[in-house]
Amino acid sequence: MNCRQFIAKSLAVRTASHLLHLSATSYAQHVALSEFYDTMLGLVDRYAEVYMGKEGRIDNFPAIMPPRSGAIELLSDYLGLIHEEQTGDATDQALANILAELEAVTSQTIYKIKVLK
């Protein structure tokens, strides 16, 4: 996967998590997903800007529909995307640090949804 695909897929996950937030059946899930999409948006934006600062402007991004799945599946799949990006484009330490933050907030949200009710 290249960086522009990762960014586009990340923003699709953000949209999907926002939609799941709006249809959550528990307060804990509602709040956890809200914290997730608010936090990850800033991280994805920073990732894109750091990447473009180092590699040059990305002029176009692929149009990707938000995935349709439950919250745990969505977030678990997103962890896989993060791990794929960690072994691909993110050989730069600054980019790797942002990916680590995305991994942390995603894992934390999975915990909150699974354990907190």
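Reported count of residues in segment 69-117, each being without any contact (Cβ under 8 Å) to a residue 24 or more places away in the chain, more than 15 Å from residue 7 (Cα to Cα) and part of a loop (DSSP other than H, G, I, E, B), is 1.
Return a yes/no flag: does segment 51-66 have any residue that is in a helix (DSSP H, G or I), over 17 Å from the mean Cα position of the chain (by Cα) and in contact (Cβ under 8 Å) with a residue 12 or more places away in the chain. There is at least one residue in segment 51-66 that is in a helix (DSSP H, G or I), over 17 Å from the mean Cα position of the chain (by Cα) and in contact (Cβ under 8 Å) with a residue 12 or more places away in the chain.
If you go through segment 8-58 and keep only what is of a type in the set (S, T, N, Q) and surrounded by 14 or more Cβ atoms within 10 Å (Cβ to Cβ), you end up with 10, 15, 17, 29, 34, 39.
Across segment 102-117, which residue is nearest to the chain's Cα centre (by Cα) among those that are basic (Lys, Arg) and over 12 Å from residue 35 (Cβ atoms)? The extreme case among them is 114.
Quick note: the coordinates plus some simple rules give every number you see, no bench work behind them. Just so it is clear, the model here is predicted, and its values are computed rather than measured. Cβ sites come from the backbone with ideal geometry, for glycine too, and all protein chains shown count toward neighbours.
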